[in-house]
Amino acid sequence: YANHLHLNGSKIKDLVIPNDITQIKNYAFSNCTELTKVTIPNSTTSIGDYAFCNCAGLTEINIPNSVTSIGNEVFSFCINLTEVTIGYSVSKIGDYAFRNCSDLKSIVTLNPTPPTCSSRSSFYDYSNATIYVPKDSYSRYFIDDVWGKFTNIRRTCVKMAG
């Protein structure tokens, strides 16, 4: 797997994944500690295990609506990650997907149905982050075994289809 991405001898900080990529493979960008921004295209449907593990420079990530599954430990040890937006097609989030993301403050999930998460917490801390859910889906998230652990669940103002 990649430890450092270089272009013309310089470490890449801002990564734009090409539009024709449908899968981000296991370990694809793990340990790219200089990476500060990643743009995932709408063609991507899955993000593999450990794909961005230990990318300490990442502060926010936007998972597009095309993605349906997020693998195990995908963003684990992204210690500076503060904001995550999870697209409306994400139906599964793997084990420890956000392990040791202690700075995570805001999670926006656009799926009206809570994505499946295992009992091995996909998230680091349920009291630190505020989760924003579709307005008409609040009760689904509130009673969910995993999502319901968040102490700060807020409704978004936008009504989502579903």
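Which is farthest toward the positive dipole end of the chain among Y132, T33, C78, measuring Cα position about the Cα centre, with Cβ charges +1 (Lys, Arg) and -1 (Asp, Glu)?
Y132
Given a 1.4 angstrom probe, I'd like the percentage of the accessible area of the chain that is carbon and sulfur, rounded to a whole number. Show your work: numbers first, answer last.
Working: 3940 of 8080 Å².
The C+S portion of the solvent-accessible surface of the chain is 49 percent.
Given (1) 61, 31, 25; (2) 76, 40, 19; (3) 51, 30, 25, which label gives Cα extents along the principal axes in Å as computed from the coordinates?
The calculated read-out lines up with (3).
In debye to the nearest 20, how big a dipole does the stretch 33-162 give about its Cα centre with +1 on each Lys and Arg Cβ and -1 on each Asp and Glu Cβ? It would help to have the intermediate numbers written out before the result.
Working: 11 positive and 11 negative charges, 89 e Å.
Result for the stretch 33-162 is approximately 420 debye, rounded to the nearest 20.
For the chain, report the accessible area per residue in Å² (1.4 Å probe, heavy atoms, rounded to an integer). Walk me through the numbers on the way to the answer.
Numbers: 8080 Å² over 162 residues.
Counting only protein heavy atoms, the per-residue value for the chain is 50 Å².
Taking the chain as a Gaussian network, Cα atoms linked when under 10 Å apart, which of S127, S106, S118 shows the biggest mean-square fluctuation?
S127
The values are calculated or read from the model by the stated rules, or taken from the named source; none is laboratory data. What you are looking at is a predicted structure, and each value in this text was computed from that prediction instead of being measured. Glycine gets a Cβ as well: all are built from the backbone with ideal geometry, and neighbour counts include every protein chain shown. Protein only, heavy atoms only, side chains kept; ligands, DNA and RNA dropped before computing areas. Shrake-Rupley method; radii C 1.70, N 1.55, O 1.52, S 1.80 Å.
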